[in-house]
Amino acid sequence: MANSVKTIGVLTSGGDAPGMNACIRAVVRTAINNGLKVKGIMRGYAGLLQEEIVDMNGLSVADIIARGGTILYTARCPEFMTEEGQKRGAEICKKHGIDGLVVIGGDGSYRGAGKLSALGINTIGLPGTIDLDIACTDYTIGFDTAINTAMEAIDKVRDTSTSHERCSIIEVMGRHAGYIALWCGIANGAEDILLPEKYDGDEQQLINRIIDSRKRGKKHHIIINAEGIGHSASMARRIEAATGIETRATILGYMQRGGSPTCKDRVYASIMGSKAVQLLMEGKTNRVIGYKGGAYVDFDIQEALAMTKDLPQDEYEISKQLIR
Ligand code: ADP
Ligand code: F6P
């Protein structure tokens, strides 16, 4: 049953991710091409509570598809975790005529979106995070760009590591999830991949592998360490002390979250943005869009939040088969 949604709001929330701009552009253009109005809400839920709301038109999103970051800015907003903050957020939406809302962010942002849905604002969540750690989807906006950025950086570290016959620990993002580390570990041919979901903290085994690979004639030893394990600098010092092999730590950090999105991130983000508007036009609310098993799908927000996912065991096992 079609509903009478007339004005769509769009916001980005949580950590930014390359492709968010492509997604915003798709929301705005799809809405306008279907005769709807669009309002951009700046700085996520924080901007909503501050009423930082701007009218958007087709031109507001011109020239942004290739840009990293988010033109709407993003923020974290503790006040929105409270019932009072959520009620005020819903009232502000109503005051500005926003009867449909697209929230681009991670699980936390989905929780906020669920609260707004319950308060009568038709809300759709889209997966925006470089970490890939949203259970209801195999794809998140920004992951593809982040792994390509990290992969290129790691290739560079590898060059100098080989020249100096060093061991290198390269820390990639992923506070709770090892997807970036696993993908880079495979893509960069790392000698070791340390994942928060798998690492047992047995540094002596790691040291033994480094000594063994050096004995077999390896000129470098690249360890991809996920942020969730961290402590790369102190780990490097301990490895150097135990092996006698010069060891350096490189923390790639926020560079992984920026940059022009890859083709995949631009296209998937555009399709998801457009589909979110379609769902709102169909009268849907409290849904999140994902990409699963080769197709775009949507789920109830609470159902999506209750889902769990783990690193694919086969990919993890294969990553170990590729090391020698
Ligand atoms: P992400 O969306 O990437 O998971 P956060 O967990 O930081 O990022 O969440 C982004 C924002 O979503 C928070 O700053 C807060 O405003 C809102 N949020 C998070 N959890 C909740 C919740 N349980 N209820 C309402 N809003 C929430
Ligand atoms: O965007 C996801 C992420 O990069 C995590 O991997 C990381 O832990 C976190 O964001 C750090 O973001 P911030 O410093 O902005 O809180």
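Can you tell me the accessible area per residue over the range 25-93, all protein chains present, probe 1.4 angstrom, in square angstrom?
52 Å²
Convert each backbone phi in the range 97-112 into a coupling constant with the Karplus relation 6.51 cos²θ - 1.76 cosθ + 1.60 (shift: θ = phi - 60°), then list the ³J(HN,Hα) values in order as whole Hz, x for Gly and Pro.
x, 7, 10, x, 9, 10, 10, 9, x, x, 4, x, 5, 5, 4, x
May I ask you to derive the FRET efficiency for MET151 and HIS96 from their Cβ-Cβ distance with R0 = 41 Å, giving the value to the nearest 0.05?
0.45
Most fluctuating residue of ARG287, ARG209, ARG266 in a GNM of the chain with Cα springs under 10 Å: which is it?
Per the Cα network of the chain with a 10 Å cutoff, ARG209 tops the list.
Hey, if we sort ARG76, ARG257 by accessible area with the 1.4 Å probe, largest down, what's the order?
ARG76, ARG257
What lysines sit close enough to LYS94 to cross-link, taking a C-alpha to C-alpha distance under 28 Å and skipping anything fewer than 8 places away on the same chain?
LYS6, LYS37, LYS39, LYS115, LYS275, LYS284
Pull up all non-local amide H partners of ILE251: gap of 5 or more, or a different chain, and H-to-H distance under 5 Å with H placed in the peptide plane.
Amide H to amide H, under 5 Å and 5 or more residues apart or across chains, ILE251 pairs with GLU171.
Once the piece of chain linking HIS231 and ASP310 is laid out straight, how much longer is it, given 0.36 nm per residue of separation minus the C-alpha distance between them?
The HIS231-ASP310 span can extend by a further 26.1 nm.
Give, as a single signed number, the net charge of other residues whose beta carbon lies under 12 Å from the beta carbon of ALA113, with Lys and Arg counted +1 and Asp and Glu -1.
+1
Residues with amide H under 5 Å of GLU246's amide H, sequence separation 5 or more or different chain, H placed in the peptide plane at 1.01 Å from N; which?
Correct list: CYS167.
Give me the percent of accessible area attributable to carbon and sulfur for the range 1-77, probe 1.4 angstrom.
The computed percentage sits at 48.
Quick check on the chain: of the DSSP beta bridges with both residues there, what percent are antiparallel, nearest 5%?
For the chain, the DSSP antiparallel bridge percentage is about 25.
Assuming 0.36 nm per residue, please report the length gained on full extension of the stretch GLN205 to GLN321 beyond their Cα-Cα distance.
Result for the pair: 40.1 nm of gain on full extension.
Suppose R0 equals 25 Å. What FRET efficiency, 1/(1 + (r/R0)^6) with r the Cβ-Cβ distance, do ILE271 and LYS37 give to the nearest 0.05?
0.65
Once you list every other residue whose beta carbon is under 13 Å from the beta carbon of MET173, what net charge do they have if Lys and Arg are +1 and Asp and Glu are -1?
Taking every other residue near MET173 into account, the sum is -3.
For the range 146-258, give the percent of accessible area contributed by carbon and sulfur heavy atoms, probe 1.4 Å, rounded to a whole number.
50 percent
The values are calculated or read from the model by the stated rules, or taken from the named source; none is laboratory data. Predicted model, so just to flag it, every value in this text is computed and none were measured. Cβ atoms come from the backbone with ideal geometry, glycine included; neighbour counts cover every protein chain shown. Each accessible area value is taken on the protein alone, full model and side chains, heavy atoms only, with ligands, DNA and RNA left out. Shrake-Rupley method; radii C 1.70, N 1.55, O 1.52, S 1.80 Å.
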